[in-house]
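Participant: A single structure is presented below for examination.
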Amino acid sequence: TIRNSGVSTAAGTLIFNSTDNQLQVYTHDNIWQKCNEGTVTTVEGGATSDNSNRAGYITHTFNSPGNFVTDGSVFDVEIMVIGGGGGGGGRRYGAGGGAGGVVYKTGVTLAAGTYAIAIGSGGSSNPGDRGSNGNNTTFAAGTPQALTAKGGGGGGCYDGTYPGAPGGSGGGGTARCQVTPGGSATQPGTNSAPATDYGNRGGNYGPAPCGYAPGGGGGAGGNGTDSVPGAGINGGGNGGIGVQ
């Protein structure tokens, strides 16, 4: 009776049903399913590793474009996607570029199929101008499982386009004795719940007296630090912290 009710039974529990003479597994649909002889789900893609800190999990890491492929349904998948970082501001006193946005989602079910992954490259530092933004990284674009991590904002430039650019996390601000903001964070709200988006603004360049030191680029876990007014070239802000 207890076995049939499934009370307090964890998905993935195995039993041998002596009445029906078969091995059965308790599924996410809350039913006992016969384990068919010889059926194995194969999952491929990226660099794989058995994470000793996460019992029962295999990690697939993509540092270049590729496909995540499974020939059967997989459950309780965790997906983390990271955008390319923004480039630093060019020439003198260039501000730090913002970190790529981060999206994290747990409890994902993926049906059999091929899921394309695009990896966003980092931005560049442009002489005499603001750094360019990083590029977006995507998982399964164009499908219901799609997730997007936006590229970070470019850092501001002392002699060009001053403010930090908006991006996954914003770039830091800098200017010639002018108050200039760091770039805003565009990652928050990019993906629908229950996915979690991480991104924060870049550090601001403070008011006079002139210090020339720029703000730090924003990080996935916190804002870029604002510059310290009047502190000279040593008053630049640190980049924002990341997320683990």
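The values are calculated or read from the model by the stated rules, or taken from the named source; none is laboratory data. What you see is a predicted model; the values in this text were computed from it and never measured. Quick reminder, even Gly has a Cβ in these numbers, built from the backbone with ideal geometry, and neighbours come from all protein chains shown. Just so you know, the surface numbers come from the protein's heavy atoms only, side chains and all, with ligands and any DNA or RNA stripped out. Shrake-Rupley method; radii C 1.70, N 1.55, O 1.52, S 1.80 Å.
Participant: Take the conditions in contact with a helix residue (DSSP H, G or I) (Cβ under 8 Å, 6 or more places away or on another chain) and closer than 30 Å to Ile241 by Cβ and apply them to Tyr57. Does it pass? Talk me through it step by step, then tell me what you get.
Facilitator: Details: in contact with a helix residue (DSSP H, G or I) (Cβ under 8 Å, 6 or more places away or on another chain): no; closer than 30 Å to Ile241 by Cβ: yes.
In short, no.
Participant: Moving to a separate point now. Somewhere in segment 121-139, is a residue touching a residue at least 60 places away in the same chain (Cβ under 8 Å) and closer than 19 Å to Gln187 by Cα?
Facilitator: Yes, that holds for at least one residue.
Participant: Residue check, Thr109 against (1) surrounded by 19 or more Cβ atoms within 10 Å (Cβ to Cβ); (2) more than 22 Å from Gly224 (Cα to Cα), all met but one. Which one?
Facilitator: If we test Thr109 against (1) surrounded by 19 or more Cβ atoms within 10 Å (Cβ to Cβ); (2) more than 22 Å from Gly224 (Cα to Cα), just (1) comes out false.
Participant: Restrict the check to segment 29-44 and report whether at least one residue is under 22 Å from Thr196 (Cα atoms), of a type in the set (S, T, N, Q) and open to solvent by 50 Å² or more (accessible area, probe 1.4 Å).
Facilitator: Here is the first cut: in segment 29-44, the residues under 22 Å from Thr196 (Cα atoms) are none.
Scanning segment 29-44, I find no residue that is under 22 Å from Thr196 (Cα atoms), of a type in the set (S, T, N, Q) and open to solvent by 50 Å² or more (accessible area, probe 1.4 Å), so the answer is no.
Participant: Collect the residues in segment 212-230 that are open to solvent by less than 40 Å² (accessible area, probe 1.4 Å) and either in contact with a Pro (Cβ under 7 Å, 6 or more places away or on another chain) or in a loop (DSSP other than H, G, I, E, B) (or both), keeping them in residue-number order. Reasoning before the result, please.
Facilitator: Keep residues of segment 212-230 that are open to solvent by less than 40 Å² (accessible area, probe 1.4 Å), which gives 213-222, 224, 227.
Of everything in segment 212-230, those that are open to solvent by less than 40 Å² (accessible area, probe 1.4 Å) and either in contact with a Pro (Cβ under 7 Å, 6 or more places away or on another chain) or in a loop (DSSP other than H, G, I, E, B) (or both) turn out to be Ala213, Pro214, Gly215, Gly216, Gly217, Gly218, Ala220, Gly221, Gly224, Ser227.
Participant: Restricting to segment 51-70, count the residues that are closer than 28 Å to Thr13 by Cβ, at pLDDT 90 or above and of a type outside the set (Ser, Thr, Tyr). Break it down into steps so the answer makes sense when it comes.
Facilitator: Looking only at segment 51-70, we keep the residues that are closer than 28 Å to Thr13 by Cβ, and these are 51-60, 68-70.
When the remaining residues are screened for being at pLDDT 90 or above, the result is 59-60, 68-70.
Now restrict to residues that are of a type outside the set (Ser, Thr, Tyr): 60, 68-69.
Number satisfying all stated conditions: 3.
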